[in-house]
Amino acid sequence: MTLETIDIIIIAGYALALLGIALYVSREPKGHNKNTEDYFLAGRALPWWAIGASLIASNISAEQIIGQSGEGFAIGIAIAAYEWQAAIVLLIVAKYFLPIFLKRRIYTMPQFLEQRYGAGVKNLMSVFWVALYTAVNLTAVLWLGGLAIDTLTGWGVMPAMMALAGFAALYSLYGGLKAVALTDIIQVVILIIGGFAITWFALDALPADGAVAGFSYLMQEMPGHFEMILDTDDVGYDKLPGIWTLLGGLWVLHFSYWGFNQYIIQRALGAENLGEAQKGLAFAAFLKLLVPFIVVIPGIAAVILAQQGLLNGDALSEASDRTYGELMGFAPAGLRGLVFAALIAAIVSSLASMMNSISTIFTMDLYRSWKPDEAETHYVTVGRIAAFCAMVIALVLARPFLGGFESAFQTVQEYTGYIAPGIVIVFLLGFFDKRANTAGAFTALIGSVALNLVVNAVFPELPFVVRIWIVFMVGIVAAMVVSRVTARPDEERTVNLSDIAFATSTLFNTLAAITVAILVGLYIWLW
């Protein structure tokens, strides 16, 4: 794909506007230096619309756009379960879990674990999350982003990854979460407009009378790609095993990612108050319904476009992650620049968010425990250095970690699935089981990894979504048993369920009702 002068002007304008706004919103009043609350939690002043937009901009990364578009090409609309079920989880987290987190005024998820289970569990999970975000999530976004830009421009994957990393660092290292969250408002608008543009161009290229007719044609010609629940003989059943996507381990992955993940929850922790945080998550849940239409549908359309010779079908069959990059070539000059800017927005917003989360956990949970008496500005500086180092490490790891996998999206899900059951168990028992203690927490976390390895070795053909559900069910029983045969935790460590604010705002209730109604309709339509 060739970028014309107008495309380059649009991309440059986007980049300069983003940098300018990031620097503007990062300013502090004269005489005030950024403290840890300013840098890591945006001064606890984020409004709901910024929280919701930032959640989606951070989530719709290269992993989502490029990976799910490739899965749409290979499997079909069933991959949308990752998006649509997440909307339900966001509403549950907003109503029942956020009140607990915000009342404790924590900076990080490991800090909740420290308050509930002790420093040992906090340190274990702090190290784990820093390693996971750096070696898996950050590398995945860099690799897929570099792959897409190489497909579009021919720059080469490594130079493209270095450019993306540099741009993300340039606008986020100085301003912290405030710069990331407020610029994400721009990012999500560009993402949605650019994403729908790609969908429109892909459908319009089908042998039908326009994009709307193209969608009908696509459903008629590819009925197997519009089944939400796959049969055992369908392509992709090993990744999305039929009814188990609704009843099994996919929920565990969702709660781990959307409920107990620093990368996501940090925006809610930076809210003005609980009401703003809850409305922000409800807004994000509503926006999640749109995502499959801007990433999965173009991937399905690419199957027919490849059959017609308009795309390189052999190349896409070998590496479906190249699907989205190939589709961007359908955009005309001018709009091509907007679509390219949307892709960059998806990548750099996710990179910036991950860098900020890594720096927050490293600084507030690990470094501050080692040096607790330093000045606030010292911790902010350490956070910036930690974020920069994480990006450099991810650049080094990206190709050897992900370059040989058929689908980086599914690879990330499977890596995450080894610990996700343990994470969900320790948080759920921490909320609802007053007998849950440190020994039970370690049993869940270590047992999650160990049991996943054993089950995967004994039953290698078992879909990982089913495996995660089995591990979760066994793990929660084991953690409860171990907690009951060991010392009861101190009463002050347990969660008082009266902390949960059951009353929610009219806006939250309205967004939640609309989201659930649309979601039910989509599943009935595509069952």
In the range 442-455, anything free of Cβ contacts under 8 Å to residues at least 60 places away in the same chain, crowded, with 16+ Cβ neighbours inside 10 Å and not hydroxyl-bearing (Ser, Thr, Tyr) is listed as Ala444, Gly447, Leu451, Asn452, Val455
Pull out all pairs, ordered by first then second residue, where Cβ-Cβ is under 9 Å, the residues are six or more apart or on different chains, the first lies in the range 113-128 and is under 16 Å from Tyr367 (Cβ atoms) and among the hydrophobic types (A, V, I, L, M, F, W, C), and the second is open to solvent by 60 Å² or more (accessible area, probe 1.4 Å) and not in a helix (DSSP H, G or I). none
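Before we move on, is Pro29 of a type outside the set (Val, Ile, Thr), within 17 Å of Val188 (Cβ to Cβ) and open to solvent by 10 Å² or more (accessible area, probe 1.4 Å)?
Numbers: of a type outside the set (Val, Ile, Thr): yes; within 17 Å of Val188 (Cβ to Cβ): no; open to solvent by 10 Å² or more (accessible area, probe 1.4 Å): yes.
Here the answer is no, as Pro29 does not meet what is asked.
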Filter result for Ala15 (open to solvent by less than 10 Å² (accessible area, probe 1.4 Å), on the phi < 0 side of the Ramachandran plot and small (Gly, Ala, Ser)): no
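For every residue, the table says whether it meets (1) at pLDDT 95 or above; (2) buried (at least 19 other Cβ atoms within 10 Å of the Cβ); (3) in a helix (DSSP H, G or I).
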site	(1), (2), (3)
Asp373	no, no, no
Ala386	yes, yes, yes
Ala398	no, yes, yes
Gln413	no, yes, yes
Leu428	yes, yes, yes
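Suppose we keep only residues that are closer than 25 Å to Ala78 by Cα and in a loop (DSSP other than H, G, I, E, B) within the range 459-517. Which one would you say is farthest from the chain's Cα centre (by Cα)?
Once the filter is applied, the top-ranked residue is Phe459.
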Would you be able to say whether some residue in the range 99-108 is farther than 15 Å from Val291 by Cα, surrounded by 24 or more Cβ atoms within 10 Å (Cβ to Cβ) and at pLDDT 90 or above? yes
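Could you identify the single residue in Val458, Val471 that is of a type outside the set (Lys, Arg) and open to solvent by 40 Å² or more (accessible area, probe 1.4 Å)?
Working: Val471 fails: open to solvent by 40 Å² or more (accessible area, probe 1.4 Å).
Going through Val458, Val471 in turn, the sole match is Val458.
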Matching entry among Val136, Val130 (being within 24 Å of Thr323 (Cα to Cα), in a helix (DSSP H, G or I) and under 16 Å from the mean Cα position of the chain (by Cα)): Val136
Go through (1) touching a residue at least 12 places away in the same chain (Cβ under 8 Å); (2) within 20 Å of Ser359 (Cβ to Cβ); (3) not small (Gly, Ala, Ser) and name the single condition Phe73 misses. (2)
Being in a helix (DSSP H, G or I), of a type outside the set (Lys, Arg) and over 17 Å from the mean Cα position of the chain (by Cα) narrows it down to one of Val382, Val348, so name that one. Val382
Among the residues of the range 488-517, the number that are open to solvent by 70 Å² or more (accessible area, probe 1.4 Å) and in contact with a helix residue (DSSP H, G or I) (Cβ under 8 Å, 6 or more places away or on another chain) is 4
Report those helices (runs of 4 or more DSSP H) wholly inside the range 209-255 carrying at least 1 residues which are hydroxyl-bearing (Ser, Thr, Tyr) and at pLDDT 90 or above. 211-221
Collect the residues in the range 113-150 that are under 21 Å from Leu3 (Cβ atoms) and surrounded by fewer than 23 Cβ atoms within 10 Å (Cβ to Cβ), keeping them in residue-number order. Asp150
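If you go through the range 291-299 one residue at a time, do you hit one that is among the aromatic types (Phe, Trp, Tyr) and under 22 Å from Ala163 (Cβ atoms)?
Let us first name the residues in the range 291-299 that are among the aromatic types (Phe, Trp, Tyr), namely 293.
Subset that is under 22 Å from Ala163 (Cβ atoms): none.
There is no residue in the range 291-299 that is among the aromatic types (Phe, Trp, Tyr) and under 22 Å from Ala163 (Cβ atoms).
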Show the residue pairs that are 6+ apart or on different chains and have beta-carbon atoms under 6 Å apart, the first residue being within the range 216-244 and more than 13 Å from Val303 (Cβ to Cβ) and touching a residue at least 12 places away in the same chain (Cβ under 8 Å), the second being surrounded by 15 or more Cβ atoms within 10 Å (Cβ to Cβ) and among the basic types (Lys, Arg). none
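Return yes or no: is Ala42 in a helix (DSSP H, G or I) and over 24 Å from Glu374 (Cβ atoms)?
No; evaluated as a whole, the condition is false for this residue.
Sort out which residues of the range 262-302 are charged (D, E, K, R) and under 21 Å from Gly70 (Cβ atoms), and write them in order of number.
Quick first cut of the range 262-302, residues charged (D, E, K, R) only: 267, 272, 276, 279, 288.
Within the range 262-302, Lys288 is the sole residue that qualifies.
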Count - residues of the range 430-441 that are farther than 19 Å from Leu253 by Cα and surrounded by fewer than 24 Cβ atoms within 10 Å (Cβ to Cβ): 6
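Could you identify the single residue in Thr381, Thr377, Thr323 that is open to solvent by 10 Å² or more (accessible area, probe 1.4 Å), in contact (Cβ under 8 Å) with a residue 24 or more places away in the chain, over 18 Å from Trp155 (Cβ atoms) and out of contact with any Pro (no Cβ under 6 Å at 6 or more places or on another chain)?
Details: Thr381 fails: in contact (Cβ under 8 Å) with a residue 24 or more places away in the chain; Thr323 fails: open to solvent by 10 Å² or more (accessible area, probe 1.4 Å).
Thr377 is the lone residue from the list that is open to solvent by 10 Å² or more (accessible area, probe 1.4 Å), in contact (Cβ under 8 Å) with a residue 24 or more places away in the chain, over 18 Å from Trp155 (Cβ atoms) and out of contact with any Pro (no Cβ under 6 Å at 6 or more places or on another chain).
Taking only the range 66-78 into account, find how many residues are of a type outside the set (Phe, Trp, Tyr), in a helix (DSSP H, G or I) and either in contact with a Gly (Cβ under 6 Å, 6 or more places away or on another chain) or open to solvent by 10 Å² or more (accessible area, probe 1.4 Å) (or both).
Going through the range 66-78, the residues of a type outside the set (Phe, Trp, Tyr) turn out to be 66-72, 74-78.
Applying the additional criterion that residues be in a helix (DSSP H, G or I) yields 66-72, 74, 77-78.
With either in contact with a Gly (Cβ under 6 Å, 6 or more places away or on another chain) or open to solvent by 10 Å² or more (accessible area, probe 1.4 Å) (or both) added as a condition, the list becomes 69, 72, 74.
Matching residues across the range 66-78 total 3.
The values are calculated or read from the model by the stated rules, or taken from the named source; none is laboratory data. Computed from a predicted structure; not experimentally measured. Positions of Cβ are backbone-derived with ideal geometry, glycine not excepted, and every protein chain shown enters the neighbour counts. Accessible surface is based on the protein model in full, side chains and every heavy atom, while ligands, DNA and RNA are left aside. Shrake-Rupley method; radii C 1.70, N 1.55, O 1.52, S 1.80 Å.
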